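Every number here is computed from the coordinates shown, using simple stated rules; none is lab data. Values in this document were obtained by computation on a predicted structure and should not be read as measured data. Using ideal geometry, Cβ is built from the backbone for each residue, glycine included, and neighbour counts are taken over all protein chains shown.
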Amino acid sequence: MPVIDYINDQKHTRIITWEVNENNDDLLAYLQLEEYRMTKYQNLRPKQAREYLGLRACLKKLDLDYDVNYDEKGKPFLPTNKEISITHSYGKVAVGVSEYNIGIDIELARPKKILNIKHKFARKDEQDWIPKEQEIEFLHIIWGIKEGLYKLNGGNLWNFLNHYRVEEFELIENNQIVCWISDDVKSRKYHAFYKLVEDHYLIWVLDYE
């Protein structure tokens, strides 16, 4: 089974990335779904059904035999004391579980698109410190961090320019990046990390302040 990346911080966090290129029958044979999970799978549309199998495969690899539930904002949660975050991109699924609140994002590197939309998410005070020769790499990571913050926060603050800020950082994989969520009343600091997984940027944000 194509697990293409596995991060295991034995202190608190595990993240698995799966390339879902098996056919559904092979995934079903691997998963051996219980009857109620099979019923759920059969009632999903094809794209959602495939994502569901990818999610179940990741959870099985993580030895987490739980059903994922979702709150009214669509944020996933488990019936345990572990936090969970899920992300999909072009046939890849990544699942992060942690003792801390976590938000993860996986994004295909798309230089033209990221340059076209940078005005929607990169603040002026962030663009000021981005070196031009590495702009595309930094923009992908900043975008992923803000997606992770949005997921971690349960989608309660939606404006990537006003509510989320990333401090200056270096392009070093697995190195801590300080970022913030702010509203009209307060600001809170978070810690983000990134890693290249093939042609994708994998980003995870943790709340352990």
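Quick notes on this structure:
- Nearest-ten-degree value, helix 135-152 long axis tilted from longest Cα axis of the chain: 60
- Length-normalised contact order for the chain - Cα pairs under 8 Å, 6+ apart - percent: 17
- For the range 105-207, the Cβ-based charge dipole about the Cα centre amounts to some 380 debye (Lys, Arg positive; Asp, Glu negative; other atoms uncharged).
- Pair I117, K132: separation of 7 Å Cα→Cβ label points (nm): 2.5
- A straight Cα-to-Cα reach below 30 Å connects K189 with the lysines K11, K73, K75, K82, K92, K113, K118, K120, K124, K132, K146, K151, residues fewer than 8 places away in its own chain not being considered.
- The range 153-199 and the range 46-62: distance between their alpha carbon centers, rounded to Å: 27
- Max mean-square fluctuation residue, GNM over the chain, Cα-Cα springs under 10 Å, options I181, I117, I16: I117
- Kirkwood-type radius of the chain, with distances r between different C-alpha atoms, in Å: 17.9
- Cα long-axis angle, helix 111-121 against the chain (0 to 90 degrees, to the nearest 10): 70
- Overall Cα dimensions of the range 105-207, principal axis frame, Å, largest first: 37, 24, 21
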